[in-house]
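Novice: Structure incoming, see below.
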Amino acid sequence: MNTDRTAVLGGSPWPEHYTYVPALRVGNTVWLSGTTGTDDAGRITAPGDIEEQTRQIFRKFDRLLRSIGSSCEDIVATTDFFTTTENYKCTAAVRREFFKTRRPTSTGVLVAGLLRKDALIEISAVAVLSAAEREI
């Protein structure tokens, strides 16, 4: 079993002083860090819009996974931390958009707040690469 740890940065620069990476590949498993709906400059892309923040999170996940020959369809588990249930049901359509018919397991946790100001949702995920992707 391959237990080498490889940071997955998606081709973007990552500050050395950060104590985490956006994703970590260990063997055929990719662990995606908790992510909010921000742009490349770290600004929330859709203040007040949980659906669009969710979409931005999955765009970021997809970019990371595509950099290693995978996609969101390989995600097998997600954990959603959300600050409001208002419009939370809209996130289901976003999940269908990115996961197609390969639905992952999921846990939702209502929280009092998130570290990133104006973030309504933060999601972490786990992906398992297919046999073809393991060779990349």
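Novice: Rounded to two decimals, what ratio of Rg to Rh does the chain give with C-alpha atoms and a Kirkwood Rh?
Specialist: 0.96
Novice: In deg cm²/dmol and to the nearest 500, what is the mean residue ellipticity at 222 nm of the chain if only DSSP H runs of at least 4 residues count, each as -39500 (n - 2.57), divided by the residue total?
Specialist: -6500 deg cm²/dmol
Novice: Hey, another quick one. Give the long-range amide H neighbours of Gly27: residues separated by 5 or more places, or on another chain, with amide H under 5 Å away, using H modelled in the peptide plane at 1.01 Å from N.
Specialist: Amide H neighbours of Gly27, under 5 Å, 5+ apart: Asp4.
Novice: May I ask for the longest run of the chain untouched by chymotrypsin sites (Phe, Trp or Tyr not before Pro) that are loop-located per DSSP and have at most 12 neighbouring C-beta atoms (other than their own) within 10 Å?
Specialist: Counting only loop sites that pass the neighbour cut-off, the longest clear stretch is 21-136.
Novice: Not counting the cut sites, what is the longest span of the chain without GluC sites (Glu not before Pro) that DSSP labels loop and that have at most 10 other Cβ atoms within 10 Å?
Specialist: Formally, the longest exposed-site-free interval is 17-134.
Novice: Now for a separate question. Going through region 70-136, which trypsin sites (Lys or Arg not before Pro) have at most 15 other Cβ atoms within 10 Å and a DSSP loop state?
Specialist: In loop regions of region 70-136 (DSSP not H, G, I, E or B), the sparsely surrounded trypsin sites (Lys or Arg not before Pro) are Lys100, Arg102, Lys117.
Novice: Find the percent of Cα-Cα distances in region 39-97 that exceed 15 Å, and round it to a whole number.
Specialist: Above the 15 Å cut-off, region 39-97 has 53 percent of its Cα pairs.
We did not get these values from a lab; they are worked out from the coordinates using the rules stated. What you see is a predicted model; the values in this text were computed from it and never measured. Note that we place each Cβ from the backbone using ideal geometry, even for glycine, and neighbour counts take in every protein chain shown.
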